[in-house]
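Visitor: My questions all concern the structure below.
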Amino acid sequence: MERETEMKQSRFKRICVFCGSSPGKKTNYKDAAIELGKELVSRNINLVYGGGSIGLMGLISQAVYNGGRHVIGVIPKTLMPREITGETVGEVKAVADMHQRKAEMAKHSDAFIALPGEVSNTISSKGKQPEA
């Protein structure tokens with residue numbers, strides 16, 4: 001029992017999750033985003049993410065927020081009309097561009113996790129979201 005409790009503790013307070021603004025074509029991507037959000041909550045870890053209210057971003061942010069943890073979304077102003085279509089959760093920081101987005105996310109994070117749909121966009125920052 002003590003070991004199980006010990007495993008749930010984390011040295012990280014805030015983890016940045018890179019993920020897509022689309023849900024992807026496979027349901028297991030959606031399931032993974034929700035499950036990761038619940039795992040962050042169980043370990044008392046707050047979320048830093050791309051700020052969108054749709055797709056995998058919306059799913060993980062909602063799971064973490066519903067679990068009572070703090071959520072920080074960082075989004076470029078130009079993407080706000082496209083990636084925020086509903087009500088956002090937590091704190092939303094609007095930034096000038098993708099470079100500033102990544103810098104701001106790094107500033108607020110202790111560690112990083114990348115889910116499908118964001119890795120190539122994060123690396124290239126050149127436009128289209130890859131198909132997940």
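FYI, it's all coordinate maths here, none of it is from the lab. Just so it is clear, the structure is predicted and the values come from calculations on it, not from any experiment. FYI the Cβ positions are ideal-geometry reconstructions off the backbone, even for glycines, and counts take in every protein chain you see.
Visitor: Considering only residues that are crowded, with 24+ Cβ neighbours inside 10 Å, in a helix (DSSP H, G or I) and among the hydrophobic types (A, V, I, L, M, F, W, C), which ones fall in the range 41-67?
Guide: Within the range 41-67, Leu56, Met57, Ile60, Val64 qualify.
Visitor: Scanning for something outside any loop (DSSP other than H, G, I, E, B) and surrounded by fewer than 17 Cβ atoms within 10 Å (Cβ to Cβ), does the range 7-21 turn up at least one residue?
Guide: Initial filter on the range 7-21 (outside any loop (DSSP other than H, G, I, E, B)): 7-8, 14-18.
Still in the running and surrounded by fewer than 17 Cβ atoms within 10 Å (Cβ to Cβ): 7-8.
Yes: the range 7-21 contains one or more residues that are outside any loop (DSSP other than H, G, I, E, B) and surrounded by fewer than 17 Cβ atoms within 10 Å (Cβ to Cβ).
Visitor: Does the range 55-87 hold any residues that are at positive phi and over 13 Å from the mean Cα position of the chain (by Cα), and which are they? Steps first, please.
Guide: So in the range 55-87, the residues at positive phi come out as 55, 68.
Across the range 55-87, the qualifying residue is only Gly68.
Visitor: Tell me which of these Val74 doesn't satisfy, since it passes every other one: (1) in a helix (DSSP H, G or I); (2) crowded, with 19+ Cβ neighbours inside 10 Å.
Guide: Failing condition for Val74: (1).
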